[in-house]
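The values are calculated or read from the model by the stated rules, or taken from the named source; none is laboratory data. Predicted model, so just to flag it, every value in this text is computed and none were measured. For accessibility, only protein heavy atoms count, side chains too; no ligands or nucleic acids. Shrake-Rupley method; radii C 1.70, N 1.55, O 1.52, S 1.80 Å.
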Amino acid sequence: AILPNMISRRTGQIVLINSIQGKIGIPFRAAYAASKHAAVGFFDCLRAEMEEFDISVSTVNPTFICSYHRQPAPGNWEASIWK
């Protein structure tokens with residue numbers, strides 16, 4: 001929806017936040033990795049198409065993370081660090 005406006009202004013930036021599995025695969029995650037590879041491929045093509053309009057297209061592929069967090073005891077700042 002916003003892309004035509006960016007093209008007419010000849011400026012803009014689009015950023016995809018994806019997964020490292022868009023670059024590498026791991027066992028038993030084929031469907032997930034395939035969808036992430038597809039997103040990277042789409043944005044690679046979009047980047048090439050938008051270059052002439054000076055629209056920047058970027059992909060960010062963070063590595064694996066652990067997203068759980070322990071609740072620290074009051075005053076224990078070291079325990080509040082993400083593990």
(message) So, in region 29-83, how many residues would count as being at pLDDT below 95, part of a helix (DSSP H, G or I) and open to solvent by 90 Å² or more (accessible area, probe 1.4 Å)?
(response) 2
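Can you find a residue that is part of a strand (DSSP E or B), among the small types (G, A, S) and open to solvent by less than 60 Å² (accessible area, probe 1.4 Å) anywhere in region 19-26? Steps first, please.
The first filter runs over region 19-26 and keeps only residues part of a strand (DSSP E or B), leaving none.
Taking every residue of region 19-26 in turn, none turns out to be part of a strand (DSSP E or B), among the small types (G, A, S) and open to solvent by less than 60 Å² (accessible area, probe 1.4 Å).
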